[in-house]
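Report on one structure; see the data block that follows.
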Amino acid sequence: LERCLRLQGLRFPRHPAEALATMIALRTKLRLRGLSFTPTSESEIDPRALQRIDTCWSAGVGLSFVDSLRGAGFLTRSLLDALESGEPYRVARSLAYEASFLANQGSAGEKRARATLRHAEELADGLGDPHLRALIPGARCVLEFHHGRWRHALERADEAADAFVADAVGMAKEVVTVQLLGAASMVFLGEFAQLDERMDQVIRLAELRRDLFALTSFRSGFTNSLWLAQDDPTRARDEATNAFRGWEADEFLIQHFFDLWAQTQIDLYEGDGASAAARVRTGWGGLKQSL
């Protein structure tokens with residue numbers, strides 16, 4: 001990833017503080033610039049500019065749900081460059097992710113998130129691209145999820161997953177992400193019987209793909225509660241522990257939070273409040289430093 005970025009004259013932030021500073025600068029530039037653009041045919045744009053947009057996009061999508069600061073920075077840079085280029089497809093896909101980013105800012109960002117998503121949807125309707133047809137409900141899922149509307153989030157997650165599969169877009173990361181948000185919504189709705197039916201299939205497919213991201217996402221974090229609902233804390237612990245293998249990094253990533261959440265919930269389920277408190281105290285420093 002770093003080599004690809006260097007070829008485009010881009011830098012991978014080495015520290016979370018650098019990633020935060022970069023993201024703030026890019027977000028400020030975007031806020032001042034606005035979302036207007038002049039539609040331009042792809043054939044009229046320098047291929048090197050398009051390659052830079054796509055490199056930032058790929059980096060941002062790949063890092064989302066792993067390293068949120070760096071991921072948001074690259075996605076914002078991709079949006080800025082797409083707006084400058086005027087290529088409608090790239091603008092639309094970036095706007096869908098921009099709406100998801102704004103949705104993560106609580107009630108203050110919801111109005112802007114919905115307006116941005118409407119803009120993306122208008123572009124998508126005119127282009128008729130299958131990737132965009134799946135991204136739009138995916139962004140709606142993120143918006144509903146971050147505002148605690150679990151039923152709506154689940155419905156949008158299913159709509160997006162069906163669209164990705166039906167159009168054979170081949171976007172495994174996006175499919176796993178909306179499936180995960182849908183599964184987490186089922187946890188918060190208390191629909192564990194239905195969740196059990198889904199989990200077997202998604203974990204089996206992830207194992208066949210050797211998809212570490214998917215296996216960690218479904219076996220740890222919020223969805224690890226499935227096995228506690230089945231009164232099986234031993235399996236819950238085994239699933240969480242096995243899911244975290246391969247993520248032992250120096251920095252605190254979202255997968256570290258998933259592990260901290262799952263392991264702490266298991267401690268509490270087993271009535272071991274002391275271990276739960278100690279686990280949170282130990283993990284809090286890394287969580288705070290990750291920003």
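The values are calculated or read from the model by the stated rules, or taken from the named source; none is laboratory data. As the structure is a computational prediction, the values presented were derived from the model and not from experiment. FYI the Cβ positions are ideal-geometry reconstructions off the backbone, even for glycines, and counts take in every protein chain you see. Quick note on the areas: whole protein, heavy atoms, side chains included, nothing else; ligands and nucleic acids left out. Shrake-Rupley method; radii C 1.70, N 1.55, O 1.52, S 1.80 Å.
Below is a table of values for the structure above.
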| item | result |
| --- | --- |
| Test set (1) under 19 Å from residue 28 (Cβ atoms); (2) open to solvent by 30 Å² or more (accessible area, probe 1.4 Å) - residue 130 fails condition number | (1) |
| Test: residue in the range 192-215 that is at pLDDT 95 or above, over 24 Å from residue 20 (Cβ atoms) and in contact with a Lys or Arg (Cβ under 6 Å, 6 or more places away or on another chain) | no |
| Unique residue being small (Gly, Ala, Ser) and under 28 Å from residue 249 (Cβ atoms) when the list is 43, 64 | 64 |
| Residue in the range 39-64 that is nearest to residue 92 (Cα to Cα), counting only those that are touching a Ser or Thr at 6+ places or on another chain (Cβ under 9 Å), among the polar types (S, T, N, Q) and not in a helix (DSSP H, G or I) | 40 |
| Enumerated helices (runs of 4 or more DSSP H) restricted to the range 183-291, each holding at least 3 residues that are surrounded by fewer than 14 Cβ atoms within 10 Å (Cβ to Cβ) | 192-209, 233-244, 273-289 |
| Per-region count, the range 43-64, residues free of Cβ contacts under 8 Å to residues at least 60 places away in the same chain, under 21 Å from residue 10 (Cβ atoms) and open to solvent by 30 Å² or more (accessible area, probe 1.4 Å) | 8 |
| Neighbours by Cβ (under 9 Å, 6+ apart or cross-chain): first from the range 190-215, touching a residue at least 24 places away in the same chain (Cβ under 8 Å) and closer than 21 Å to residue 259 by Cα; second hydrophobic (A, V, I, L, M, F, W, C) and not in a helix (DSSP H, G or I) | 212/247; 213/65; 213/66 |
| Some residue of the range 97-115 being assigned to a helix (DSSP H, G or I), open to solvent by less than 10 Å² (accessible area, probe 1.4 Å), at negative phi and in contact (Cβ under 8 Å) with a residue 40 or more places away in the chain | yes |
| Among (1) open to solvent by less than 10 Å² (accessible area, probe 1.4 Å); (2) over 15 Å from the mean Cα position of the chain (by Cα); (3) not β-branched (Val, Ile, Thr), the one test that residue 151 misses | (1) |
| Residue within the range 65-73 that is surrounded by fewer than 24 Cβ atoms within 10 Å (Cβ to Cβ), assigned to a helix (DSSP H, G or I), in contact (Cβ under 8 Å) with a residue 40 or more places away in the chain and among the small types (Gly, Ala, Ser) present | yes |
| Residue satisfying all of: in the range 33-42; within 18 Å of residue 98 (Cβ to Cβ) and not polar (S, T, N, Q); least open to solvent (accessible area, probe 1.4 Å) among these | 34 |
| Qualifying residue in the range 17-32 (condition: loosely packed, with under 13 Cβ neighbours inside 10 Å, touching a residue at least 40 places away in the same chain (Cβ under 8 Å) and not aliphatic (A, V, I, L, M)) | yes |
